[in-house]
Amino acid sequence: MNQEPQKLHTLAVLVDNAAGVLSQVSRLFSRKGYNIDSLAVGPTDDPSVSRITIEITTDDGRARLLCNQLRKQIPVHSVTDLTERPSLRRSLMLVKVRVPSSAAQTKILEVASVFRASVVDMNPQCLTLAVIGDDEKAEGLQRMLEEFGILELARTGTVALERGLGTISDQTKMKGEFDYGKNLL
């Protein structure tokens with residue numbers, strides 16, 4: 001029995017910006033037995049619409065099924081699987097690092113510079129850095145800072161946009177309305 005390989009799928013979902021919509025969308029994944037690897041939600045340029053970026057590890061066939069099931073939900077405007085499309089993906093990591101000495105502070109600032117991390121807070125005992133990028137960049141910075149002592153760490157879910165004009169929000173704007181139940185895959 002041949003099984004399709006599992007890989008990380010990035011789904012961009014435009015939904016009504018209303019109470020309970022995120023719960024409804026996430027319940028679909030729970031009912032189907034999928035773990036959401038990453039989840040980010042925020043408003044779009046239209047305050048009545050939110051964008052949910054969901055990352056799940058599954059095969060291509062099951063990802064297509066999930067996309068189709070998402071499209072059937074009333075508050076869902078559109079669903080796009082960005083996995084094979086040229087797209088930009090970013091997440092944010094905030095990391096608070098112990099600063100035991102001025103020499104350590106200099107080394108931490110050098111590491112931050114290499115990873116293009118920004119210092120967002122500083123005091124004599126610790127530094128807080130922010131880095132925006134892909135998972136590998138965040139994990140690399142984290143590994144380099146572990147020797148100093150990480151006090152606290154927070155990461156967002158991935159946000160993603162398709163490159164060029166082929167975006168789901170551009171297509172819906174050009175039509176002047178949302179096509180419920182239709183896909184842009």
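Tell me whether segment 34-44 contains one or more residues that are over 27 Å from GLN142 (Cα atoms), assigned to a strand (DSSP E or B) and open to solvent by 60 Å² or more (accessible area, probe 1.4 Å).
Yes, segment 34-44 contains at least one residue that is over 27 Å from GLN142 (Cα atoms), assigned to a strand (DSSP E or B) and open to solvent by 60 Å² or more (accessible area, probe 1.4 Å).
Please work out if THR106 is more than 24 Å from the chain's Cα centre (by Cα), modelled with pLDDT of 95 or more and hydroxyl-bearing (Ser, Thr, Tyr).
Here the answer is yes, as THR106 does meet what is asked.
Which pairs turn up if I take residues in segment 1-29 that are free of Cβ contacts under 8 Å to residues at least 60 places away in the same chain and look for partners that are among the acidic types (Asp, Glu) and surrounded by fewer than 22 Cβ atoms within 10 Å (Cβ to Cβ) with beta carbon separation below 6 Å, at least 6 apart in sequence or on another chain?
That search, which allows pairs on different chains as well, returns GLU4/ASP59; GLU4/ASP60; GLN6/ASP59.
Cβ-Cβ distance below 6 Å, separation of 6 or more or different chains: which pairs start in segment 147-161 with a residue that is farther than 29 Å from LEU8 by Cβ and among the hydrophobic types (A, V, I, L, M, F, W, C) and end on one that is modelled with pLDDT of 95 or more and open to solvent by 70 Å² or more (accessible area, probe 1.4 Å)?
PHE148/ARG98; LEU151/ARG98
Just to be sure, is SER48 surrounded by fewer than 16 Cβ atoms within 10 Å (Cβ to Cβ) and modelled with pLDDT of 95 or more?
yes
Condition first: small (Gly, Ala, Ser) and over 23 Å from ALA154 (Cβ atoms). Now tell me which residues in segment 17-58 satisfy that.
Hits for segment 17-58 are ALA18, ALA19, GLY20, SER30, GLY33, SER48.
Please indicate, with yes or no, whether at least one residue in segment 52-59 is in contact with a helix residue (DSSP H, G or I) (Cβ under 6 Å, 6 or more places away or on another chain), outside any helix (DSSP H, G or I), within 28 Å of ALA130 (Cβ to Cβ) and open to solvent by 20 Å² or more (accessible area, probe 1.4 Å).
No, because not a single residue in segment 52-59 is in contact with a helix residue (DSSP H, G or I) (Cβ under 6 Å, 6 or more places away or on another chain), outside any helix (DSSP H, G or I), within 28 Å of ALA130 (Cβ to Cβ) and open to solvent by 20 Å² or more (accessible area, probe 1.4 Å).
Yes or no: VAL95 in contact with a Ser or Thr (Cβ under 9 Å, 6 or more places away or on another chain), of a type in the set (A, V, I, L, M) and modelled with pLDDT of 95 or more?
Taking the combined requirement at face value, the residue satisfies it.
Quick one: would you say LEU8 is surrounded by fewer than 18 Cβ atoms within 10 Å (Cβ to Cβ) and under 30 Å from VAL120 (Cα atoms)?
Numbers: surrounded by fewer than 18 Cβ atoms within 10 Å (Cβ to Cβ): yes; under 30 Å from VAL120 (Cα atoms): no.
No; evaluated as a whole, the condition is false for this residue.
The values are calculated or read from the model by the stated rules, or taken from the named source; none is laboratory data. Bear in mind the structure is a predicted one, so any value in this text is a computation, not a measurement. Cβ coordinates were reconstructed from backbone atoms using ideal geometry, including for glycine residues, and neighbour counts include every protein chain displayed. What goes into the accessible areas is simple: the full protein's heavy atoms, side chains included, and nothing from ligands, DNA or RNA. Shrake-Rupley method; radii C 1.70, N 1.55, O 1.52, S 1.80 Å.
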